[in-house]
1. Can you confirm whether residue 91 is more than 18 Å from residue 198 (Cα to Cα) and in a helix (DSSP H, G or I)?
2. Do you know which residues across the stretch 167-177 are over 11 Å from residue 22 (Cβ atoms) and touching a helix residue (DSSP H, G or I) at 6+ places or on another chain (Cβ under 8 Å)?
3. Looking only at the stretch 33-58, which residues are closer than 26 Å to residue 168 by Cα and outside any loop (DSSP other than H, G, I, E, B)?
4. Determine which single condition residue 70 fails, assuming it passes every other condition in (1) more than 30 Å from residue 155 (Cα to Cα); (2) more than 17 Å from the chain's Cα centre (by Cα); (3) touching a residue at least 40 places away in the same chain (Cβ under 8 Å).
5. Condition check: out of contact with any strand residue (DSSP E or B) (no Cβ under 7 Å at 6 or more places or on another chain) and either in a helix (DSSP H, G or I) or modelled with pLDDT of 85 or more (or both). Does residue 111 satisfy that?
6. Mind counting the residues in the stretch 6-32 that are outside any helix (DSSP H, G or I) and surrounded by fewer than 19 Cβ atoms within 10 Å (Cβ to Cβ)?
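The values are calculated or read from the model by the stated rules, or taken from the named source; none is laboratory data. Everything quoted here is computed from the prediction, not taken from an experiment. We place every Cβ from the backbone using ideal geometry, glycine too, and count neighbours over all the protein chains shown.
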């Protein structure tokens, strides 16, 4: 392995560094974007049950905000549950945009790695071919070892760059789709909670008006 890296020349170092960073990001994103961590099952139903029973105070609200990305979005709606539907939705959308941005963390870096590693490989190809032509100019075509060294460097860096870029691009596209799906899921859960809270609020207002009339 070391001989292969050595044969590829100094451009193998940034390509290897990109591969290490890419692997670290992929592992971190797989851990952070687990559905159960972002969208805990039955969270919206539990929040509604506690809120309807009057057991949702400041401590529970802070716990909800810190528990998961979905919890932060739902907490934004709960804070404004005494306001109109539009106010609740605006608050949820504002928090949701921040949460979506956090879910996309490191994805731009992953996309950058997928874009630059083939270019680094191509640069290695150019450098290798320059060495080949320099060798031809100096020694002529009678020294196959000198020619093979430059061609080997060109091929190794290109192959390594593509080997890093292809899986990185695949994971980048996968995580983009995963984030989009999670954001849609959070929106759906938040809308359900808004509708239920507003229905409950209107029902309470109706009961209060009836009692006042009596």
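1. Considered against the rule, which asks whether it is more than 18 Å from residue 198 (Cα to Cα) and in a helix (DSSP H, G or I), residue 91 comes out as no.
2. Hits for the stretch 167-177 are 175, 176.
3. Across the stretch 33-58, the qualifying residues are 35, 36, 37, 38.
4. Among (1) more than 30 Å from residue 155 (Cα to Cα); (2) more than 17 Å from the chain's Cα centre (by Cα); (3) touching a residue at least 40 places away in the same chain (Cβ under 8 Å), the lone unmet condition for residue 70 is (2).
5. On the way: out of contact with any strand residue (DSSP E or B) (no Cβ under 7 Å at 6 or more places or on another chain): yes; either in a helix (DSSP H, G or I) or modelled with pLDDT of 85 or more (or both): yes.
In short, yes.
6. Looking only at the stretch 6-32, we keep the residues that are outside any helix (DSSP H, G or I), and these are 9-11.
With surrounded by fewer than 19 Cβ atoms within 10 Å (Cβ to Cβ) added as a condition, the list becomes 10.
Of the residues in the stretch 6-32, 1 are outside any helix (DSSP H, G or I) and surrounded by fewer than 19 Cβ atoms within 10 Å (Cβ to Cβ).
Listed here are the residues, each with its yes/no results for (1) surrounded by 20 or more Cβ atoms within 10 Å (Cβ to Cβ); (2) touching a helix residue (DSSP H, G or I) at 6+ places or on another chain (Cβ under 9 Å); (3) at positive phi.
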| residue | (1), (2), (3) |
| --- | --- |
| 35 | no, yes, no |
| 70 | yes, yes, no |
| 86 | no, no, no |
| 101 | no, no, no |
